[in-house]
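Everything on this sheet refers to the single structure shown next.
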Amino acid sequence: MLRSLPLLLAFLVLDQLATAQSLCPVIPLPVKASQAAGQFFLDDNTPLIVASPAALPEAQVLQKQLLKFTGIRVAVQPQSSRPAITLKLEKGGDPAAYTLNMSPKGVTVSAASGEGLFYGLASFLQLARKAQGKETGIRVPCWNIQDAPLYRWRGFMLDESRQFFGKAEVKKILDEMAFYKLNRFHWHLTDEPGWRIEIKQYPRLAYVGGIGNHHHRNTPAAYYTQDEIEEIVAYARERHITVVPEIDMPGHATAANRAYPEFSGGGSAKYPEFTFNPGKEETYQYLTNILKEVNVLFPSGMIHIGGDEVSFGSEKWKTDPAVQQLMQKEKLGTLEQVEHYFIKRMADTLIRLNSKVLGWDEVTAASLPAKETIVFWWRHDRPQQLKSAIDKGYKVVLCPRIPFYFDFVQDSSNLVGRRWAGAFAPLEAVYNFSAASLPAGINGKSPLIEGIQANLWTETVQSVDRMYYMTFPRLIALAEAAWTQPDKKDFEQFKARLKDALPLLKQQGIYYMDTPAKTPEPIR
Ligand code: ACM
């Protein structure tokens, strides 16, 4: 026995080294993570200790999440001699950064703000969920983590104008976003097929504008009441997700125009009744009234006013008397100048409402107040739009179609979904996206780059299963691209860690693309 002791010790040391170097299973991969010895036993008797009173909301969210995802009920206690989870607020530093220290004797999460604590607890929750077995209680492997995000803006956009999914699905998406530390939910609520938000002053927007979707013209009106919006915004806020509503204008206004045709600026043969009328003063008052209600419902101080693809349906402006008069009065030579005049006026409205001005990359050409504006670069084939936005000092969010439009197919064998000259948006491309490889002349390190976002448009999505199939697991790859330092990313290692994340999706009833053969594509 004694003779083999040195050998045993050598094995133990080697084993420690091996675990110290093993890859942290947390997604997105943290800045620094090392495995510590042992496991922390989590069960109904684990005390939750709030060392700083301001951390109580985070403790409560953890309680809810543990109950929902693991069935474990932990209580907040003043102090305890048992191994506990302790939440500590410390002064200073990046509000999103956190430290997670674990040993069999206790777990401590420290951060400078509730947001940082939330992310630390999210890492702990991931370790716990991945370790959960069938018995009561979870032996959570111990890790020591120091972490902070790469980008401030880690977003996902859902188009509920073309297909309405309802609040239960939206909450599920918010849960997944929070689990992977995504923090901006861009809610595309208005477009051609449907208007999805109740506006008290103009009830027909929801009653009439809410009828139909992209796939069926006459489905009963579907929209979110203001109470439901409040509920979802509060749900998101608990999870440190900011909800950004989009009210698209002056184009993509078809649903609104069905409800209040007096504000329509007409359209084109292919896109009838596509625009609001920029020539009528009444239009500005109408839209201002709408935005005032929107602004009250979404306390983020950010409203996205679209501004995209106006030229698809602005043909009628050429002959509309009100628009023609405006062009003469304001000396506007082209329809594009009319567009910019309109966007500038609506931007003024937003600024008076204490809201930032958010728009698709078409708004770059309008002269907007640089400090207040965030431009969403979506036209991957037009990098000059991004360059111009940065040159003008606008903040930018990167959501180029390829690879961040999740209505593009993810595998060459997929039957339905978009492609761009054969190109599409596989998991690997989402994962490997890096601002460092933007086209020449664009500074990928510019502090004006707020972050990245994926957008799910729903022209090719009719069912909840397909919505999830297009979103997952790409959303998880997006989360790592948005959070983790580029030099730490490695797609093969990510795929290995992703394997343990997929069963968690399944647990929540979320359909996802594994390999196309394993999880067949829902084509509607
Ligand atoms: C867009 O895809 N029209 C922003």
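Values in this text are rule-based calculations from the coordinates and carry no lab data. Fair warning: this is a prediction, and the values are worked out from it, not measured in the lab. Here Cβ is always computed from backbone atoms with ideal geometry, including for glycine, and neighbour counts include all displayed protein chains.
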Item to complete: Give the percent of DSSP beta bridges with both residues in the chain that are antiparallel, rounded to the nearest 5.
Response: 30
Worksheet item: Which of the listed residues, 430, 363, 93, is farthest toward the dipole's positive end in the chain, when Lys, Arg count +1 and Asp, Glu count -1 at the beta-carbon?
Response: 93
Discussion item. Please list, in order along region 431-442, the HN-Hα scalar couplings obtained from phi with the Karplus expression 6.51 cos²θ - 1.76 cosθ + 1.60 (θ = phi - 60°), rounded to whole Hz, x for Gly and Pro.
Written reply: 4, 7, 4, 9, 5, 5, 9, 5, x, 3, x, 10
Worksheet item: Considering only 476, 441, 454, whose Cα is most displaced toward the positive end of the charge dipole of region 384-511, charges sitting on Cβ of Lys, Arg (+1) and Asp, Glu (-1)?
Response: 441
Worksheet item: Between the helical axis of 281-297 and the dominant principal axis of the chain, each derived from Cα atoms, what acute angle in degrees is found, rounded to the nearest 10?
Response: 20
Discussion item. Please report the equivalent ellipsoid semi-axes of region 294-366, computed as sqrt(5 x eigenvalue) of the Cα gyration tensor, largest first, in whole Å.
Written reply: 26, 13, 10
Discussion item. Helix-only mean residue ellipticity at 222 nm, the chain, DSSP H runs n ≥ 4 weighted -39,500 (n - 2.57), per residue, nearest 500. What is it?
Written reply: -11000 deg cm²/dmol
Worksheet item: Once phi is turned into ³J(HN,Hα) by the Karplus curve 6.51 cos²θ - 1.76 cosθ + 1.60 with θ = phi - 60°, what whole-Hz value does each residue of region 364-374 show in order, with x for glycine and proline?
Response: 4, 6, 7, 7, 10, x, 4, 5, 9, 10, 10
Worksheet item: Roughly how big is region 421-497's charge dipole about its Cα centre, with Cβ charges of +1 (Lys, Arg) and -1 (Asp, Glu), in debye to the nearest 20?
Response: 80
Discussion item. Give the average over all directions of the projected area of the C-alpha convex hull of region 430-490, one decimal, in nm².
Written reply: 5.3
Practice prompt. Give the value in nm², to one decimal: projected area of the alpha carbon convex hull of region 447-524, averaged over all directions.
Written response: 6.5
Worksheet item: Measuring from the lowest to the highest alpha carbon on each principal axis, how far does region 26-169 reach, largest first, in angstroms?
Response: 54, 38, 29
Worksheet entry | Cα Rg over Rh - region 386-523, Kirkwood | 0.99
Worksheet item: In degrees, nearest 10, range 0 to 90: what is the angle between the Cα axis of helix 226-238 and the longest Cα principal axis of the chain?
Response: 40
Fill in: Within the chain: Cβ-based charge dipole about Cα centre, in debye rounded to nearest 20 (Lys, Arg +1; Asp, Glu -1)
1020
Worksheet item: For helix 474-483, what angle does its Cα long axis make with the longest principal axis of the chain, in degrees from 0 to 90 and rounded to 10?
Response: 80
Discussion item. For region 258-341, place one equal point scatterer on every Cα, skip the solvent, and apply the Debye formula. What is log10 of I(q)/I(0) at q = 0.20 Å⁻¹?
Written reply: -0.96
Worksheet item: If you take every DSSP beta bridge whose two residues both sit in region 77-127, what share of them, in percent to the nearest 5, is antiparallel?
Response: 50
Response to the item:
Along region 340-356, Karplus-curve 3J(HN,Hα) (6.51, -1.76, 1.60; θ = phi - 60°) to the nearest Hz, with x for Gly and Pro, reads 5, 4, 4, 4, 5, 5, 5, 5, 4, 4, 4, 5, 5, 8, 6, 10, 6
Worksheet item: Fewest to most neighbouring Cβ within 10 Å: what's the order for 76, 50?
Response: 76, 50
Worksheet item: In what order do 290, 197 fall by count of nearby beta-carbon atoms within 10 Å, going from fewest to most?
Response: 290, 197
Item to complete: Mind checking which of 150, 170, 81 is farthest towards the positive end of region 46-175's charge dipole, using Cβ charges of +1 (Lys, Arg) and -1 (Asp, Glu) about the Cα centre?
Response: 81
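Output the antiparallel fraction of DSSP beta bridges having both residues in region 136-271, as a percent to the nearest 5. Please report the intermediate quantities before stating the final value.
Working: 1 of 12 bridges.
The antiparallel fraction comes to roughly 10 percent.
Using Cβ counts within 10 Å as a stand-in for footprinting exposure, how do 413, 123 rank, fewest first?
413, 123
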Worksheet item: What Rg and what Dmax come out for the chain when only alpha-carbon atoms are used, in angstroms?
Response: 25.0, 100
Practice prompt. Assuming R0 = 51 Å, can you tell me the calculated FRET efficiency for the pair residue 91 and residue 391, based on Cβ-Cβ distance, to the nearest 0.05?
Written response: 0.85
Response to the item:
Counting sequence-distant residues (5 or more places) and residues on other chains, those with an amide H built under 5 Å from that of residue 374 are 357, 358, 359
Worksheet item: Mean projection of the alpha-carbon convex hull of region 154-246 over all orientations, in nm²?
Response: 5.6
